[in-house]
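Okay, structure first, notes after.
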Amino acid sequence: MKRFLTVLAAGLPLAAAVGLPMASAQAASGVPATFACAPAAVQAAVRAPDGTRVESVTAVRREGGTVQGGGILGGTVTGVPAFCEVTVTLTHPDADDHARIQTWLPVTGWNGRFQALGGSAYAAGDNGVGLAGAVKNGYAATTTDAGLGDVVDVSWALDAEGRVNGALLENLASRSQHEAALVGKQVVAAGYGSAAAYSYFNGCSTGGRQGYLEAQRYPDDFDGILANAPAVHWDEFEVATLWPQVVMNNERTYPSACTFKAFTDAAVKACDPLDGAVDGLVNDAARCEFDPRRLIGTKVLCEGRELTVTAADAAVVRKIWDGPRTASGRKLWSGVPVVARLTGLAGTTPPDAAGQVKGAPFPVPQAWVANWLEKQPAFDVSTLTYGRFEQLFAQSRAEYGSIIGSDDPDLSAFRASGGKLLSWHGQADEFIPTQGTVDYRRQVERTMGGAKRVDDFYRLFLAPGTPHCGLNKGAGTVDDLGALRAWVEQGKAPATLPATLVDATGHSVARDLCRYPRVSRYTGHGDPAAANSFRCVLPTRS
């Protein structure tokens with residue numbers, strides 16, 4: 001459970017999660033330096049977005065200091081300045097929902113900018129950590145709970161009759177984030193007497209999906225959208241990420257965590273030299289074609305026991321890496337990247353008294369299949385056959401693609417609005433296959449006239465050795481929001497994203513994340529820990 005919470009915490013905006021500056025907090029010229037927390041003034045200024053009714057408005061001054069994140073994710077931010085906490089609760093007619101929008105306004109030192117924060121897993125918004133980090137850096141910040149619960153609370157999925165709660169699903173999928181943007185901007189204008197000079201969205205995972213959805217459906221909401229490891233194609237990949245469990249259960253083979261790690265380590269070792277530097281960072285994971293059958297017969301030391309990698313182990317890993325396919329062999333989705341940790345989705349229980357183990361599915365896809373597809377919260381996903389999995393994949397796409405797929409490649413309205421979309425995705429993402437984001441970017445290029453035209457407003461960067469929503473599990477850094485601000489406010493489109501990564505020895509190395517489709521390549525000379533020893537090149541065709 002502890003590892004699971006760590007994973008979900010990665011869904012927070014990176015800079016907020018690790019306490020990094022989220023870009024310079026310099027005040028914009030002409031922006032008021034103070035704010036009076038006046039509930040009546042805020043209430044008078046808030047207008048209900050179309051299709052909603054305002055249920056309540058409150059405004060409370062908070063003295064700041066140390067802010068503890070709520071829910072099971074927790075988290076702590078220190079040194080937070082005083083702020084005004086404004087809460088607006090909306091409801092949709094006949095939906096009996098209560099979507100709470102929180103906006104935190106720095107009492108002093110507002111930088112003239114608005115930042116909306118996305119959610120994680122089944123939580124539509126931030127738990128307080130991102131808000132606190134944004135306020136600490138001078139932003140007025142907004143988030144919404146969409147009337148839902150914590151990150152793995154799906155008690156709202158079905159109504160009393162066992163039917164999908166369409167109103168709350170729509171809140172999660174699209175409308176609540178848009179409504180929060182509208183309300184949050186009104187609160188900012190009421191509090192400071194002027195609108196924000198620039199508006200930004202910041203999210204990863206579920207938050208990343210929300211950012212892409214905003215660009216697709218509400219192109220005027222934000223000047224800049226930072227959407228990392230985006231959970232686009234939700235209707236497809238959410239089922240696809242249950243595939244490792246389906247494979248293990250149907251093959252009746254459950255490799256140990258040590259065995260899984262041996263396969264991943266071997267793949268990294270085999271593909272690490274492709275970029276010219278042996279440092280444990282695979283800079284073009286999509287080209288890594290390590291065959292897991294090479295490990296058959298290898299001895300693995302695991303907690304004092306010596307295990308032998310079997311042909312059955314290799315067959316399971318091969319299927320997981322390849323990704324789900326139909327009975328006829330048609331590929332449905334990408335598998336776990338070969339350089340990513342396998343136990344995230346291919347988790348198992350500890351051995352029982354008889355030494356037997358069984359699958360321990362990641363709760364997010366498990367909940368999606370049980371609640372939204374089978375409509376049975378207690379459904380046992382371990383009973384899924386390959387055939388039933390294929391049916392569920394098709395069902396999810398048919399029933400929910402238009403609701404929560406968030407993968408419309410036509411971003412022409414966003415481009416026309418002058419918006420900028422910036423994303424990075426870890427090449428070792430164990431929960432959202434990197435290839436899904438790459439495929440979306442390619443679809444946008446095909447729809448909108450090619451890579452060069454798309455680069456004018458949408459840029460994607462792939463991060464070597466980076467797991468889900470975190471550069472080397474939080475050890476790395478990148479000023480992604482700063483890069484987005486420079487693009488929006490100064491017209492400086494990022495050619496690279498300067499980052500700090502962690503190599504195989506545990507040491508920090510400087511590396512520029514390359515703009516897709518380019519990849520990082522060692523020049524053959526210079527310190528491999530220095531960014532200028534690498535250059536971004538187009539990948540070699542294999």
Packing-wise, with mean Cβ within 10 Å as the measure, how do 451-459, 48-56 rank, highest first? 451-459, 48-56
Can you tell me the FRET efficiency between Ala195 and Val60 if r is taken as the Cβ-Cβ distance and R0 is 22 Å, rounded to the nearest 0.05? 0.45
Arg442 and Lys299 label points (each 7 Å along its Cα→Cβ direction) are spaced in nm at 4.3
Just want the answer: with Cβ charges of +1 for Lys and Arg and -1 for Asp and Glu, which residue in Ser417, Val107, Ala59 is farthest toward the dipole's positive end in the chain? Ser417
The range 247-339: chymotrypsin sites (Phe, Trp or Tyr not before Pro) in DSSP loop, at most 13 other beta carbons within 10 Å: none
With a cap of 14 neighbouring Cβ atoms within 10 Å, and only residues DSSP puts in a loop, list the trypsin sites (Lys or Arg not before Pro) found in the range 225-276. Arg252
Which of the pairs Lys331/Lys420; Lys269/Lys331; Lys420/Lys492; Lys136/Lys185; Lys185/Lys420 have their Cα atoms more than 22 Å apart in this structure? Lys331/Lys420; Lys269/Lys331
Around Leu513, which amide H atoms from residues at least 5 apart in sequence, or from another chain, sit under 5 Å from its own amide H, with H modelled in the peptide plane? Leu497, Ala499
Rounding to the nearest 20 debye, state how big the charge dipole of the range 184-269 is about its Cα centre with +1 on each Lys and Arg Cβ and -1 on each Asp and Glu Cβ. 300
Among Cys536, Gly491, Ala463, flag the residue with its Cα farthest along the positive direction of the charge dipole of the range 453-542, charges on Cβ as +1 for Lys/Arg and -1 for Asp/Glu. Cys536
Portion, in percent, of the accessible area of the range 489-542 that falls on carbon or sulfur, probe 1.4 Å: 50
Treat every Asp and Glu Cβ in the chain as -1 and every Lys and Arg Cβ as +1, leave all other atoms uncharged, and give the resulting dipole magnitude about the Cα centre to the nearest 20 debye. 1180
Considering only the range 70-208, what is the antiparallel percent among its DSSP beta bridges, to the nearest 5? 65
HN-Hα couplings for the range 124-132 via Karplus (6.51, -1.76, 1.60; θ = phi - 60°), in whole Hz with x for Gly/Pro, come out as 7, x, 7, 9, x, 5, x, 4, 5
Measure nothing fancy, just the Cα-based angle from helix 176-192's long axis to the longest principal axis of the chain, in degrees from 0 to 90, nearest 10. 40
Can you tell me the order of 294-306, 388-400 when each peptide is scored by its average per-residue count of other Cβ atoms within 10 angstrom, highest first? 388-400, 294-306
Between Ser155 and Ser412, with labels modelled 7 Å along Cα→Cβ, what's the label distance in nm to one decimal, could you check? 4.7
About its Cα centre, what dipole magnitude does the range 168-326 give when the only charges are +1 on Lys and Arg Cβ and -1 on Asp and Glu Cβ, stated in debye to the nearest 20? 480
Extension gain from Ala354 to Ala451, taking 0.36 nm per residue of separation minus the Cα-Cα distance: 29.3 nm
Would you mind working out the accessible area per residue for the chain, using a 1.4 Å probe, and quoting it in Å²? 39
Calculated [θ] (222 nm, deg cm²/dmol) that DSSP helices of n ≥ 4 give over the chain, each run adding -39,500 (n - 2.57): -9000 deg cm²/dmol
So what's the net charge close to Ala123: Lys and Arg +1, Asp and Glu -1, counting the other residues with Cβ under 10 Å from its Cβ? -4
Sorted by chain and number, the residues with a modelled amide H under 5 Å from that of Gln115, at a separation of 5 or more or across chains, are Ala140, Ala141, Thr142, Tyr200
Relative to the longest principal Cα axis of the chain, at what angle does helix 311-322 sit, 0 to 90 degrees, rounded to 10? 30
Which percentage, to the nearest 5, of the DSSP beta bridges contained in the range 324-465 is antiparallel? 25
Quick calc, Arg325 & Asp50: beta-carbon distance into FRET formula, R0 51 Å, rounding 0.05, result 0.70
Grab the Cα-Cα distance for Cys258 and Ala495, subtract it from 0.36 nm times how many residues apart they are, and report the gain in nm with one decimal. 81.4 nm
Note: Asp265 to Ser382 extended length (0.36 nm per residue) minus current alpha-carbon separation gives 39.3 nm
Would you tally the net charge around Phe263, using a Cβ to Cβ cut-off of less than 10 Å, leaving Phe263 out, and scoring K and R as +1, D and E as -1? +1
Cα-based Rg / Dmax (Å) for the range 52-110: 14.3, 43
Once both axes come from the Cα atoms, what is the angle between helix 434-447 and the longest principal axis of the chain, in degrees from 0 to 90, rounded to 10? 60
Lys and Arg at +1, Asp and Glu at -1: neighbours of Ser199 with Cβ under 11 Å from its Cβ sum to -2
Answer with one residue from Tyr218, Leu182, Ala229: the one whose Cα lies farthest towards the positive end of the charge dipole of the range 162-230, charges on Cβ with Lys, Arg +1 and Asp, Glu -1. Ala229
Fraction of beta bridges assigned by DSSP in the chain that are antiparallel (%, nearest 5): 70
Among 494-505, 159-170, the order from most to least packed when residues are scored by Cβ within 10 Å on average: 494-505, 159-170
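The values are calculated or read from the model by the stated rules, or taken from the named source; none is laboratory data. These numbers were taken from a predicted model, which means no experiment stands behind them. Glycine also receives a Cβ, built like all others from the backbone with ideal geometry; neighbour counts cover every protein chain displayed. Side chains are part of the model used for accessible areas, which takes the heavy atoms of the whole protein and leaves out ligands, DNA and RNA. Shrake-Rupley method; radii C 1.70, N 1.55, O 1.52, S 1.80 Å.
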